[in-house]
Amino acid sequence: MSEELMISCMQIITYVGTARSCYINAIQCAKEGNFEEADKLIKEGEDNFVKGHDGHGDLLAKEARGELGGAGLILIHAEDQLMSAEGFHIIADEFIALYKKLAENK
C-alpha cells in the first residue's frame, strides 16, 4: 500500500471519528437541555463527515481508474468508520428531536 493511500485512509478515519464523537456529544447536550450546543456539535460533525466522505469519494474514483492496486484492510476500516459515523448522525438527530419535544412538553 502506498504512503499516499495510507494517509488518505487515516484522514478519512480521523474526520469521521471526529464526526461520530460530535454526534454522541450532541446527544448528551440535548439530554441536558443544551440544544444550542447540541446543534453546534451536529454542524461540526457534519462538516467533518463531509471531509471524510469527500476523501472516500476521491479514493473510489482512483480505484475506478485502476490507480489504487490493493488498498487492503485500512480502506475497509475507513469505510466502516464512515458508515458508523453516518449511523450516529441519524441517531443523534432523532434523539435531539425527541429531547426538544420532551422539553417543550414540560
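The values are calculated or read from the model by the stated rules, or taken from the named source; none is laboratory data. What you see is a predicted model; the values in this text were computed from it and never measured. Because the Cβ atoms are built from the backbone with ideal geometry, glycine has one as well, and the counts that use them run over all protein chains shown.
What the table below lists for this structure:
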| item | result |
| --- | --- |
| Any chance residue 44 is touching a Cys at 6+ places or on another chain (Cβ under 6 Å) and assigned to a helix (DSSP H, G or I) | yes |
| Test: residue in the stretch 75-86 that is more than 19 Å from the chain's Cα centre (by Cα) and surrounded by 14 or more Cβ atoms within 10 Å (Cβ to Cβ) | no |
| Residue 85 vs. criteria within 22 Å of residue 37 (Cβ to Cβ) and at pLDDT below 95 | yes |
| Residue tally, condition free of Cβ contacts under 8 Å to residues at least 24 places away in the same chain, part of a helix (DSSP H, G or I) and over 15 Å from the mean Cα position of the chain (by Cα), over the stretch 22-39 | 4 |
| Residue tally, condition surrounded by fewer than 16 Cβ atoms within 10 Å (Cβ to Cβ) and on the phi < 0 side of the Ramachandran plot, over the stretch 52-73 | 10 |
| Cβ pairs under 6 Å, 6+ apart, first in the stretch 1-21 and farther than 19 Å from residue 83 by Cα, second of a type outside the set (A, V, I, L, M, F, W, C) and modelled with pLDDT under 90 | 1/72 |
